[in-house]
Amino acid sequence: VEKEQLDTAAFVDVIGKADMERLGGFSAYDILKRNGGLNFTSHMPFGLHMGDMSSSIGFRGLKNGELVLLNGLSVMDPSYGYYDVDMIPAAFLERIEVVDGAASTLYGSQAMTGVINMQLVSPGPQRITGEAQGGSHSSFRGSGLYRNEYFVAGVAYNRADKLTDLRKYYSA
């Protein structure tokens with residue numbers, strides 16, 4: 001529910017579609033990184049994690065206290081707390097809500113330092129969109145989205161030369 005900032009218990013930053021287009025970036029990871037106010041740890045390209053070397057987003061310099069949601073549902077691995085926000089293309093997102101600060105009373109014990117809630121595009125007026133990005137060492141990222149009043153369908157592909165095999169293994 002939208003409220004004035006002074007009427008809320010915690011600082012909430014809403015990154016809307018216009019903000020995402022202004023910031024640029026291919027994935028939710030890129031959008032959050034370019035928005036500022038968070039700190040990032042990445043051990044692999046595109047923010048991927050590998051084994052116990054997980055990429056993470058931290059609030060106020062603290063690690064492992066954030067809760068990451070997609071449409072209000074946790075995307076974190078229940079055993080280890082891993083999540084891959086790089087797997088969610090920016091084209092699939094309607095907005096990102098970032099709650100900075102402890103939010104355990106509303107979201108549970110995983111939200112000690114903050115909450116990131118990503119809202120996906122929902123059915124609505126017909127829209128077709130896509131984007132592609134290429135780089136050195138045969139890296140490529142692409143996504144496409146089709147939306148109409150009944151459903152939303154999308155596809156995404158990431159390739160990073162030899163890391164493609166690692167991505168498939170650890171994303172499965």
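At-a-glance table
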item: Glu131 being open to solvent by 60 Å² or more (accessible area, probe 1.4 Å), over 16 Å from Val68 (Cβ atoms) and not in a loop (DSSP other than H, G, I, E, B); result: yes
item: Candidates Val152, Val121 - the one that is touching a residue at least 24 places away in the same chain (Cβ under 8 Å), touching a helix residue (DSSP H, G or I) at 6+ places or on another chain (Cβ under 7 Å) and under 24 Å from Ser74 (Cα atoms); result: Val121
item: Residues of region 11-37 satisfying the condition of being under 11 Å from the mean Cα position of the chain (by Cα) and over 19 Å from Leu145 (Cβ atoms); result: Leu32, Lys33
item: Filter result for the condition that a residue is at pLDDT 90 or above and more than 17 Å from Ala28 (Cβ to Cβ), over Tyr150, Tyr169; result: Tyr150
item: Val155 being in contact with a strand residue (DSSP E or B) (Cβ under 6 Å, 6 or more places away or on another chain), open to solvent by 50 Å² or more (accessible area, probe 1.4 Å) and assigned to a strand (DSSP E or B); result: yes
item: Selection from region 67-101 of residues that are modelled with pLDDT of 80 or more and over 28 Å from Val155 (Cβ atoms); result: Val99, Asp100, Gly101
item: Residue within region 97-120 that is in a strand (DSSP E or B) and open to solvent by 80 Å² or more (accessible area, probe 1.4 Å) present; result: no
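The values are calculated or read from the model by the stated rules, or taken from the named source; none is laboratory data. Keep in mind that what you see is a predicted model, and the values were worked out from it rather than measured. A quick note on method: Cβ atoms are made from the backbone with ideal geometry, for glycine too, and the neighbour counts reach across all protein chains shown. Just so you know, the surface numbers come from the protein's heavy atoms only, side chains and all, with ligands and any DNA or RNA stripped out. Shrake-Rupley method; radii C 1.70, N 1.55, O 1.52, S 1.80 Å.
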